[in-house]
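In what follows, a single structure is set out as structure tokens and then discussed.
The values are calculated or read from the model by the stated rules, or taken from the named source; none is laboratory data. Here the structure is a predicted model, which means the values were calculated and not measured. Please note: Cβ atoms are built from the backbone with ideal geometry, for glycine as well, and neighbour counts cover all protein chains shown.
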Amino acid sequence: MLKFLNKKKKDNKGFSLVELIIVVAILAILVGLLAPQYIKYVEKSRKSADASNLSEMVNAVQIYAADAESSLPAGTYTITISKDKTEITSSKNEGLNNVKKAVAETAPDYEHTKLKSSKWKDDEENTSIVATIVVDNNGGTKVTYTPEKLESFILNKTTTTPSGN
């Protein structure tokens with residue numbers, strides 16, 4: 001009985017060259033079909049991360065401006081995320097430190113946040129995304145985003161933004 005189990009077929013030589021070529025061709029077709037979709041998903045996730053980072057910082061400024069216990073002077077505040085760093089600037093210097101502090105509470109180490117996607121514009125590479133926040137005397141805010149593609153991307157993900165009338 002053991003001799004019967006140890007006996008191997010002599011005509012079993014493995015895969016033929018044609019079979020291997022067919023398998024490789026099928027795999028190449030599958031990779032060719034799936035690779036572009038994978039690249040699109042990776043780029044979309046980078047854009048989502050950028051939009052989320054900027055939106056989080058904008059929300060921190062909006063909450064700080066609407067808070068009755070804090071005083072944020074009326075003015076224009078700009079948050080710029082570039083390939084190198086994140087900058088917060090202001091039309092007036094008096095409220096800038098308060099805005100930076102508010103953003104730092106929500107997004108610690110925000111200065112080192114970098115742009116992940118470089119494809120915010122169709123025609124050319126964009127080196128930064130910008131949120132401009134206009135704060136009025138009541139603490140209401142109006143936000144505009146640059147480029148326009150970013151604004152539609154963020155507005156599709158969020159509901160409403162607080163503003164004082």
- request: Please verify whether the range 46-56 includes one or more residues that are within 19 Å of E148 (Cα to Cα), charged (D, E, K, R) and part of a loop (DSSP other than H, G, I, E, B).
  value: no
- request: Could you tell me whether any residue of the range 151-165 is touching an Asp or Glu at 6+ places or on another chain (Cβ under 7 Å) and at pLDDT below 85?
  value: yes
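For every residue, the table says whether it meets (1) surrounded by 17 or more Cβ atoms within 10 Å (Cβ to Cβ); (2) touching a Phe, Trp or Tyr at 6+ places or on another chain (Cβ under 6 Å); (3) over 27 Å from V42 (Cβ atoms).
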{"residue": "N93", "(1), (2), (3)": "no, no, yes"}
{"residue": "K114", "(1), (2), (3)": "no, no, no"}
{"residue": "S117", "(1), (2), (3)": "yes, no, no"}
{"residue": "W120", "(1), (2), (3)": "yes, no, no"}
{"residue": "D136", "(1), (2), (3)": "no, no, yes"}
{"residue": "K142", "(1), (2), (3)": "no, no, yes"}
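Restricting to the range 89-105, and then to whatever is assigned to a loop (DSSP other than H, G, I, E, B) and polar (S, T, N, Q), can you tell me which residue is modelled with the highest pLDDT?
Per the stated criteria, the residue is S91.
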- request: Please enumerate the residues belonging to the range 85-121 that are more than 12 Å from M57 (Cβ to Cβ) and in contact with a helix residue (DSSP H, G or I) (Cβ under 8 Å, 6 or more places away or on another chain).
  value: K85, T89, S90, N98, L115, K116, S117, K119, W120, K121
query: Taking the range 40-57 as the search range and keeping residues that are more than 8 Å from the chain's Cα centre (by Cα) and aliphatic (A, V, I, L, M), which one is surrounded by the fewest Cβ atoms within 10 Å (Cβ to Cβ)?
result: V42
message: Take T80 and tell me if it is in a strand (DSSP E or B), within 24 Å of the chain's Cα centre (by Cα) and buried (at least 17 other Cβ atoms within 10 Å of the Cβ).
response: yes
